[in-house]
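Engineer: Got a structure for you, questions after.
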Amino acid sequence: MAASAVQELGGDQPPTPRKPLIQPGVISFLILVVILGGWELAGRFDLINPFFFSWPSAIAKAAWVMLMNGQLFVDLWFTGYAYLIGVIAACIFGSALGLAMGWWKTFGQIVDPYVVFFSAMPRIALYPVLLMLFGLGDMSRIMIVFIGVLFPVLFNAYVGAKQTPRLLIDVARVFGYSNNKLFLSIVLPSSLPYLMAGFRTGITLGMVLIVVAEFFGGSSGLGREIAITATMYKTPEMYAWLIYTSLAALIIVRATDYLERRALAWT
Amino acid sequence: MNDFLTIDKIHKSFPARESYLKVLDGITLRQGEGEVVAIVGASGSGKTTLLRIVAGLEQPDTGAVALRGKPVTGPGPERAMVFQQFGLLPWLNVLDNILFGLRPAGLTKDEAEERTHDAIARVGLTGFEKFMPKELSGGMQQRVGIARALAVRPALMLCDEPFASVDTLTRQTMQTDLQKVVRETATSVLLVTHDIEEAIFLGDRVIVFSSRPGRVMEEIPITLPKTRDHSVRTLSEFQELREHIWQRLQSKN
Ligand SMILES: Nc1ncnc2c1ncn2[C@@H]1O[C@H](COP(=O)(O)OP(=O)(O)O)[C@@H](O)[C@H]1O
Ligand SMILES: [Mg+2]
């Protein structure tokens, strides 16, 4: 049979595409320089109210100070570890519950009304309740992230499990897989694109929730710092915290993108 | 010899719009060990349903299937299936797709790998072990599907229109190749197709199905040589068989 294989291995390297004259990234950077330059001048020459807007060099100085004295890392860690615990727990628990609901139909029907009810509840409205239950400690923030991230992950997993291709289920059954073995070897991997979409939604929602939760009070954290600096009109510091928060979010989103590409290379 | 596979008075209906759609109407068949039986019938005549029943994926309403005298009640390692839409797991490479079929058998790692490589060589996939399904043409994907079935060393291989999703240029090559591995491995095959030439080319016996509900209209022993190559298609015997079956498929009963 070997001689007639239609596809052959090997081949020529495809030609590399021509590069454009100016990279789009270079243009983006130039635009940024113009905006920052304009802002700086407007600030220095009192064209804008420094009380509300500050200007780039002042913000950069504030950002530099918090980087050097280590305050940035204290808050990053404080927010970051509560966030990560909440997100990871929600991703694991939400995936397991959602997939199980989608695969074991009766279980899904029993749990469904509860899921619908809790998911309809506005997430941040639960925070005062959590504060009452757990106080201002880490547990409240971990729980708000957990609850918030749980539902998008769960719903995506639920849909993912339900769309498992019949064909692949039949294949596994023909080759002797039991219903339970099938769950791990077919339902879970075939739902992976859905799980990833859920994780992505959850990861961004979780960031919003933890920052907003920290507005309510607590000892430190990125959201706490933004709220404090804003109420004290420490405008450069406030923008510096805002920028650091955005950068942290960007890194997390990029890391998720990377993991998603790796995990879904087969699609 | 003729009690390797016994299919007895299979009836099967599916619920459809407050009523029932009769799909199989008393199918009775005998297949001998090492025989290739090709069922040819129009689309919707219940061919896939019959294969699924033999595979143990579906239960008949009445009637029974037995392999070597053992009643079929569910899937089993002595039967493997090749699917019309290939049914490869897209997240596994060629090697792992074939190993997937072997996992429930509980073989040692060495044994499983040896069987996998043997099957890969037989279908001409050597060098493609690490390829992902999406990187392969339809024909190559079905070679993986065939290798996966061969690797479990089934007594009976069930083929559901194995080349219907393969482009016509590749199809005849694949038919020749399939019949070669089937003969080499002495595998019994129950194949269904709507392609008359495919049924004659591959079958030791051709069963002509009526259109829905499926019934056996005629059984035709094929007297062409057991090992065939492309040239048998030009024999007048082949042409006459094709014409005859075509006529039968046009008629109502
Ligand atoms: N699980 C099912 N539920 C309802 N109808 C079905 C089911 N499986 C097959 N059918 C119907 O039975 C008929 C025969 O199907 P099938 O066995 O796939 O025929 P073939 O493979 O010969 O084309 C078709 O009309 C199809 O719609
Ligand atoms: Mg069919």
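Engineer: What do you get for the angle between helix A:24-44 and the principal long axis of chain A? Use alpha-carbon atoms, 0 to 90 degrees, nearest ten.
Structural biologist: Between the helix axis and the principal axis of chain A, the angle is about 30 degrees.
Engineer: Counting partner chain Cβ atoms within 10 Å of every residue's Cβ in B:81-93, what's the average?
Structural biologist: What the average comes to for B:81-93 is 5.
Engineer: What is the Cα centroid distance between region A:159-204 and region A:10-87, reported in whole angstrom?
Structural biologist: Computed from Cα coordinates, the inter-centre distance equals 40 Å.
Engineer: Where does the longest stretch of chain A lie that holds no chymotrypsin sites (Phe, Trp or Tyr not before Pro) found in a DSSP loop with 11 or fewer other Cβ atoms within 10 Å?
Structural biologist: That would be A:46-232.
Engineer: Also, I was wondering about something else. Return one number: the angle in degrees, 0 to 90 and rounded to the nearest 10, between the long axis of the Cα atoms of helix B:236-250 and the longest principal axis of the Cα atoms of chain B.
Structural biologist: On a 0 to 90 degree scale, this one is about 60.
Engineer: Here's a follow-up. Measuring from a point 7 Å past the Cα of B:A42 along Cα-to-C-beta, which residues in region B:195-215 have an amide N at less than 17 Å?
Structural biologist: B:195-196, B:208-215
Engineer: Report, in listed order, any pair from A:K162/B:K134; A:K105/A:K162; A:K105/B:K47 with a Cα-Cα distance greater than 19 Å.
Structural biologist: Among A:K162/B:K134; A:K105/A:K162; A:K105/B:K47, the Cα-Cα distance tops 19 Å for A:K162/B:K134; A:K105/B:K47.
Engineer: Label B:A186 and B:K130 with points 7 Å out from Cα along Cα→Cβ: what is the distance between them in nm?
Structural biologist: Placing both labels 7 Å beyond Cα along the Cβ direction yields 3.8 nm.
Engineer: Let me know the volume per residue of the alpha-carbon convex hull for chain B, in Å³.
Structural biologist: Measuring per residue, one finds 135 Å³ for the Cα hull of chain B.
Engineer: At most 13 other C-beta atoms within 10 Å and a DSSP loop state: those are the exposed trypsin sites (Lys or Arg not before Pro) I care about. Give me the longest piece of chain B that has none.
Structural biologist: In chain B, the maximal stretch lacking such sites is B:131-225.
Engineer: Still on this structure: Looking only at other chains, what is the average number of their beta-carbon atoms within 10 angstrom of each beta-carbon in B:133-144?
Structural biologist: Average neighbour count from other chains, rounded to a whole number: 2.
Engineer: I've got another one for you. Under 8 Å for C-alpha pairs, at least 6 residues apart: give me the relative contact order for chain B, rounded to a whole percent.
Structural biologist: After rounding, I find 25 percent.
Engineer: Could I ask something else about it? Within 10 Å of each Cβ in peptide A:162-172, how many partner chain Cβ atoms are there on average? Round it to a whole number, please.
Structural biologist: Average per residue, whole number: 4.
Engineer: On C-alpha positions alone, give me the angle between the axis of helix B:138-151 and the longest principal axis of chain B, in degrees, nearest 10.
Structural biologist: 90
Quick note: the coordinates plus some simple rules give every number you see, no bench work behind them. Keep in mind that what you see is a predicted model, and the values were worked out from it rather than measured. Neighbour counts run over all protein chains shown; Cβ positions are idealised from the backbone, glycine included.
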